[in-house]
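The values are calculated or read from the model by the stated rules, or taken from the named source; none is laboratory data. These figures come from a predicted structure and were not determined experimentally. Virtual Cβ from ideal backbone geometry, glycine too; neighbours counted across all protein chains shown. Ligands, DNA and RNA are stripped out before the accessible areas are found, and what is left, the full protein with its side chains, is counted by its heavy atoms. Shrake-Rupley method; radii C 1.70, N 1.55, O 1.52, S 1.80 Å.
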Amino acid sequence: MGRSTAAAVLMALVAVGAGGCSDDGGGSAKEAASAAASVGSRAADSLASATAEAGRRLESVKGGVDAKDDVKLGATRTDDSGRTAVTVTAHNTADTEKSFVVVVAFRDGGGNLLDVVVVTVRDVAAGKSGTATARSNRTLSGTVKAEVGTAVRY
């Protein structure tokens, strides 16, 4: 979750909580602010973890070449589990069978990074295309767009 998105969530929850305040010392605004901060922190931690995992997966590929231009994404959709999914198609321009590691970034309508996943398209024959499905690590809301962050053929 981008900092601006986390801040917007925090402000919205504080405003809702403040509207429910009374003079009886119930602390609704304080509780709402605490809950919002906790949600924002968990989302940021989740995104950091997903980004770190993507980096580890890319580092594990030996002898790979940049293949971003050979990878296309389909339209995003919501799968049966409520997560955002997108079909990843990798075209192998090499003269031998290859596999691809693809980092897919999910962004909101404002371009803020929501999630990062890594998918492998395995054993694509020379001159052919292979597919895999990239699924977000958690449920994403609103308009979600997917883009190829990095793609490596090996």
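Below is a table of values for the structure above.
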read-out	value
The range 77-107, residues that are in a loop (DSSP other than H, G, I, E, B), open to solvent by less than 50 Å² (accessible area, probe 1.4 Å) and either under 17 Å from ASN137 (Cα atoms) or at pLDDT below 95 (or both)	ASP79, GLY82
Failed criterion for LYS145 (all others in (1) modelled with pLDDT of 95 or more; (2) surrounded by 17 or more Cβ atoms within 10 Å (Cβ to Cβ) hold)	(2)
Residue satisfying all of: in the range 115-142; farther than 19 Å from THR84 by Cβ and assigned to a strand (DSSP E or B); most open to solvent (accessible area, probe 1.4 Å) among these	ARG122
